[in-house]
1. Report, ordered by the first and then the second residue, all pairs with beta carbons closer than 7 Å, sequence separation of six or more or different chains, a first member in the stretch 255-273 that is loosely packed, with under 13 Cβ neighbours inside 10 Å, and a second member that is assigned to a helix (DSSP H, G or I).
2. Taking Ala111 as the residue in question, decide whether it is of a type in the set (A, V, I, L, M), in a helix (DSSP H, G or I) and either in the same structural domain as Trp189 (by TED's automatic domain parsing) or touching a helix residue (DSSP H, G or I) at 6+ places or on another chain (Cβ under 8 Å) (or both).
3. I'm told Leu454 meets every condition in (1) closer than 18 Å to Ser312 by Cβ; (2) out of contact with any helix residue (DSSP H, G or I) (no Cβ under 9 Å at 6 or more places or on another chain) except one. Can you identify the failing condition by its number?
4. Answer with yes or no whether Ala408 is modelled with pLDDT under 90, within 27 Å of Ala92 (Cβ to Cβ) and surrounded by fewer than 19 Cβ atoms within 10 Å (Cβ to Cβ).
5. How about the stretch 209-233: which of its residues are in a helix (DSSP H, G or I) and at pLDDT below 75?
6. Of the residues Arg158, Arg154, Arg98, which single one is touching a strand residue (DSSP E or B) at 6+ places or on another chain (Cβ under 9 Å) and either assigned by TED's automatic domain parsing to the domain that holds Leu79 or crowded, with 21+ Cβ neighbours inside 10 Å (or both)?
7. Which ones in the stretch 236-251 are in contact (Cβ under 8 Å) with a residue 40 or more places away in the chain and closer than 30 Å to Thr273 by Cα?
8. Hey, among Gly134, Gly171, which residue is buried (at least 23 other Cβ atoms within 10 Å of the Cβ), modelled with pLDDT of 90 or more, in a helix (DSSP H, G or I) and in contact with a Phe, Trp or Tyr (Cβ under 9 Å, 6 or more places away or on another chain)?
Amino acid sequence: MRTAPEPRHRQVPGAEDTRTEPAGGRSAARPGLVLAAVAVVQFMVSLDLSVVNVGLPQIAVGLGFSAVGLTWVIHAYALTFGGLLLLGGKAADRYGRRPVLLLGLVVFGLASLVGGFAQEPGHLVAARAVQGIGAAAVAPAALALLTSTFPTGRARVRAFGIWAAVNAAGGALGLLIGGLLTEYVSWRWVMFVSVPMALGALALAWRAVAADPSSVRGGRPDVLGAVLATSGVSLLVFGVVRTDQYSWTSPATLTTLAGAAVLLAAFVYVERTTTREPLIRIGLFANRSVAGANVYNLLVGGALASAFYFMSLYLQRVLGTGPALTGLEFLPFALGVVVGSVLAVKLGYRLAPRTLLISGGLLTAAGFAWFGLISPDGAFVTDVLGPSIVASVGFGLCLGQVVSIGTAGVASHETGAASGLLNSSRQIGASIGLAVLGSAAQHRTGQAVTPAALNDGYALGMMLSAGLLLAAVLLALTVLRRTGPPSQAEQTEWTDDRDPLLVRD
């Protein structure tokens, strides 16, 4: 079915025109607005993963958190976000991406508003948990919209480049924004700042995304599978994030992780044998691109979250930098990711995504290894600026590619599930990576709190982050299939002289 007038478009011979799919294809009528809505959503979700970090000391004083209780300001969001992403992806596939996206934005915005008015520690932790629930709905729905709106060609390369830039910039700028708000306004604004972004994304999505019916035909939902998957992933993340209190070999940790393993094994069994519609088709993991992209994403997520953590502590606890200046000194990283993402768009017309994954991973690993040379008497210019630029440009090169690979070739009715997997793998990787590398750094530091001892621990953590990136590169070399650059037909798919992302009906 065609609308009139339609952008001039040349179909790739033998390829299905996925933009006419009944479930989500109508959203492609306004690709520029769809991309804008997805960008705001992803920036908001990424920013919320880091915006509170710099303000934690002031939050502890303002609400009376204990040292242990304060960590749950971070973990409450991570647990619900990481644990419910698969369910959010399935909901987007089953009930439509538009309603799930809009509902998730409402939940996220309200939770941010309530959290800003918190009067007790429990209030803020609960608000952060509800924020995670909203994020678990909007993240896979938005990524599924991006995948279906830009299925092939130059438009897809550019769209994923923009998505990659705002995704990483949100995480990096969250530290800057959090530091400035905490020092010059109030820690409460690290919660309030998400409210206008949620309202803006809601307005864009309401206008740009057409109402789409359920893309799932019949079938009863696999409620048991949803409960097992969500509970298993949540318990896994819960067990890992508590290793700062209980060692990896403690009965509490071993029992928690064993329970998570049992729940996840039961989930796999149910998904293979259920007569209902499975939460995620196990056969999806037989796709080497999907499986490889998710493991790559898990390793990169662990490395990046750990690097942010160690560098924030190095700047504040070793170099004595204040919250606002610490956030400002992360700005080169955010700008570097944007530069890397722009390069990925330019190079994506000529190079295969796998090539950019490998190149970007190697460059990021080099930057993290350079970070590992920090010294207790160092300075931002000599110890932080150079590694930030190298690592961020490399990360920008590979971020959009891993998403493009992980969703390419997936049936339209499974794009939400595939998108949820990618978001979940990165979030779980961040939690597991930070817990493991943080424990290693703490072991190296010991009980000493001198700048030299702390520096040794942080340097080790950065070197281990580089090791995770090298493991991801090795995975890309051995698991992901070799593909050539985009074909000439794909490169010239959009022959209109206007920007394909701005074409309207």
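1. Between residues of the stretch 255-273 that are loosely packed, with under 13 Cβ neighbours inside 10 Å and residues that are assigned to a helix (DSSP H, G or I), the close pairs are Arg272/Ile282.
2. yes
3. Going through (1) closer than 18 Å to Ser312 by Cβ; (2) out of contact with any helix residue (DSSP H, G or I) (no Cβ under 9 Å at 6 or more places or on another chain) one by one, Leu454 breaks only (2).
4. Answer is yes for this residue.
5. Val223, Ala226, Thr230
6. Arg154
7. Leu236, Val237, Phe238, Val240
8. Exactly one residue qualifies, and that residue is Gly134.
The values are calculated or read from the model by the stated rules, or taken from the named source; none is laboratory data. Since we're looking at a predicted model, the values are computed, not measured. Counting neighbours? That spans all protein chains shown, and the Cβs are built from the backbone with ideal geometry, glycine included.
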